[in-house]
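**Student:** Before we start, here is the structure in question, set down as structure tokens.
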Amino acid sequence: MKSASGLRNPIPDSRIAGGFTLIELLVALVVFAALAAAAYGGLAQIARVRGALAAQQDRFAAITRAISLLERDLRQSVSRSVLGNAGEPEPALIGAPDSIEFTRLGFANPRAEPRSNLERVVYAIDNGKLRRARYAVLDRAPNSVAATRILVESVGQWHVRYLDRSTGAWRDTWPPAPLSEHLQTLPRAVEFRITFADLGEVRRVLELPSTLPPSALPSPTQTGPTPEHNTRVPTNPPDARGLR
């Protein structure tokens with residue numbers, strides 16, 4: 001259709017304004033990039049926090065397992081002295097401020113093998129790591145070596161002390177002198193403190209079983225279930241304040 005001047009009608013303005021200009025597209029891309037960068041930063045922060053929480057959870061679980069294992073072993077301690085690598089007698093419990101070695105009950109024997117249900121274990125700090133060692137036999141041969149594993153790392157300090165049954169006083173070492181008279185003697189209780197830089201200090205006071213007479217101790221070759229009187233463990237350990 002032609003106008004009066006003989007020219008066709010121009011394209012309506014509404015059809016021309018229906019698209020986006022280059023500047024509008026660039027602005028939209030910049031806004032989208034900014035939103036994407038902000039979202040990625042938030043997701044990255046969430047991932048970092050989640051990883052840190054998982055690491056802390058794993059460390060707390062490792063510390064809990066280590067302390068629970070030490071508590072279990074101490075509650076199962078028994079007054080059974082052993083022979084060292086050179087054949088020398090060693091007390092049922094050897095204690096120092098930073099290490100402890102003792103004989104414990106509960107060495108599982110599901111196959112009823114011809115071996116003892118007792119086990120000799122050692123706990124000690126080495127380069128900031130709490131280690132647990134165990135001997136395959138009680139009375140060791142010259143070439144007997146303990147199998148060691150790391151329980152927990154990054155340990156700041158570890159201090160152990162022992163409550164004397166006869167005097168009621170705490171000692172930093174065990175057994176008291178003379179050694180020959182205390183080979184089978186256990187302390188009344190053991191206190192240990194473990195300090196971690198990230199979690200603070202953990203303190204436990206554990207009452208030990210009474211010293212058993214030699215006739216009540218299982219023989220090194222005993223198999224099968226342990227007699228009830230050899231597994232006697234206090235059911236209500238005293239409060240730490242009552243042992244001071």
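**Student:** Given Arg244, Arg188, which one is charged (D, E, K, R) and modelled with pLDDT under 65? Show your work before the answer.
**Tutor:** On the way: Arg188 fails: modelled with pLDDT under 65.
Just one listed residue meets the conditions, Arg244.
**Student:** Could you tell me which of the residues Arg75, Arg80, Arg65 is within 19 Å of Arg203 (Cα to Cα) and buried (at least 16 other Cβ atoms within 10 Å of the Cβ)? Working first, answer last.
**Tutor:** Values: Arg80 fails: within 19 Å of Arg203 (Cα to Cα); Arg65 fails: buried (at least 16 other Cβ atoms within 10 Å of the Cβ).
Of the residues listed, the single one that is within 19 Å of Arg203 (Cα to Cα) and buried (at least 16 other Cβ atoms within 10 Å of the Cβ) is Arg75.
**Student:** Continuing with this model, one more query. Does Ser116 fit the bill of being closer than 30 Å to Ala189 by Cβ and modelled with pLDDT of 80 or more?
**Tutor:** Values: closer than 30 Å to Ala189 by Cβ: yes; modelled with pLDDT of 80 or more: no.
No, not satisfied.
**Student:** So, Ser144, is that one touching a strand residue (DSSP E or B) at 6+ places or on another chain (Cβ under 8 Å), of a type in the set (Ser, Thr, Tyr) and part of a loop (DSSP other than H, G, I, E, B) or not?
**Tutor:** Details: touching a strand residue (DSSP E or B) at 6+ places or on another chain (Cβ under 8 Å): yes; of a type in the set (Ser, Thr, Tyr): yes; part of a loop (DSSP other than H, G, I, E, B): yes.
Here the answer is yes, as Ser144 does meet what is asked.
**Student:** Would you mind telling me which numbered condition in (1) more than 24 Å from the chain's Cα centre (by Cα); (2) at pLDDT 90 or above Arg203 fails?
**Tutor:** Just one mismatch for Arg203, condition (1).
**Student:** Going by the structure shown, is Val121 under 17 Å from Val82 (Cα atoms) and modelled with pLDDT of 90 or more? Don't jump to the end; show me each part of the working.
**Tutor:** Values: under 17 Å from Val82 (Cα atoms): yes; modelled with pLDDT of 90 or more: yes.
Here the answer is yes, as Val121 does meet what is asked.
Listed here are the residues, each with its yes/no results for (1) in contact (Cβ under 8 Å) with a residue 12 or more places away in the chain; (2) not β-branched (Val, Ile, Thr).
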| site | (1), (2) |
| --- | --- |
| Val155 | yes, no |
| Trp158 | yes, yes |
| Asp164 | yes, yes |
| Ala169 | no, yes |
| Pro175 | yes, yes |
| Pro178 | no, yes |
| Glu181 | no, yes |
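**Student:** When you check Gly95 against the structure, is it modelled with pLDDT of 90 or more and of a type in the set (Gly, Ala, Ser), yes or no?
**Tutor:** Details: modelled with pLDDT of 90 or more: yes; of a type in the set (Gly, Ala, Ser): yes.
Yes; evaluated as a whole, the condition is true for this residue.
**Student:** Under 6 Å between Cβ atoms, which residue pairs at least 6 apart in sequence (or on different chains) link something in segment 115-134 that is closer than 13 Å to Ala66 by Cβ with a partner that is surrounded by fewer than 16 Cβ atoms within 10 Å (Cβ to Cβ) and among the β-branched types (Val, Ile, Thr)?
**Tutor:** Taking only residues 6 or more apart or on different chains, the pairs are Lys129/Ile150; Arg131/Thr148; Arg131/Ile150.
**Student:** Going through Arg171, Arg188 one at a time, which residue ends up being surrounded by fewer than 16 Cβ atoms within 10 Å (Cβ to Cβ) and farther than 22 Å from Phe107 by Cα? Break it down into steps so the answer makes sense when it comes.
**Tutor:** On the way: Arg188 fails: surrounded by fewer than 16 Cβ atoms within 10 Å (Cβ to Cβ).
None of the other options fit; the residue is Arg171.
**Student:** Let me ask you something else. Condition first: β-branched (Val, Ile, Thr) and either assigned to a strand (DSSP E or B) or modelled with pLDDT of 95 or more (or both). Now tell me which residues in segment 151-172 satisfy that.
**Tutor:** Initially, segment 151-172 is screened for residues β-branched (Val, Ile, Thr), giving 152, 155, 160, 167.
Selection gives Val152, Val155, Val160.
**Student:** Can you tell me how many residues in segment 93-133 are among the β-branched types (Val, Ile, Thr), surrounded by fewer than 21 Cβ atoms within 10 Å (Cβ to Cβ) and closer than 21 Å to Leu208 by Cα? Give the derivation first.
**Tutor:** First pass over segment 93-133, keeping only residues among the β-branched types (Val, Ile, Thr): 94, 100, 103, 121-122, 125.
So of that shortlist, the ones also surrounded by fewer than 21 Cβ atoms within 10 Å (Cβ to Cβ) come out as 94, 122, 125.
Cutting the leftovers down to closer than 21 Å to Leu208 by Cα gives us 94, 122.
Summing the residues that are among the β-branched types (Val, Ile, Thr), surrounded by fewer than 21 Cβ atoms within 10 Å (Cβ to Cβ) and closer than 21 Å to Leu208 by Cα in segment 93-133 gives 2.
**Student:** Of the conditions (1) of a type in the set (S, T, N, Q); (2) under 16 Å from Ser81 (Cβ atoms); (3) at pLDDT 90 or above, Thr148 clears all except one; give me its number.
**Tutor:** (2)
The values are calculated or read from the model by the stated rules, or taken from the named source; none is laboratory data. Predicted model only: the values in this text are computed from it and were never measured. Every residue, glycine as well, gets a Cβ built from its backbone with ideal geometry; the counts of neighbours run over all protein chains shown.
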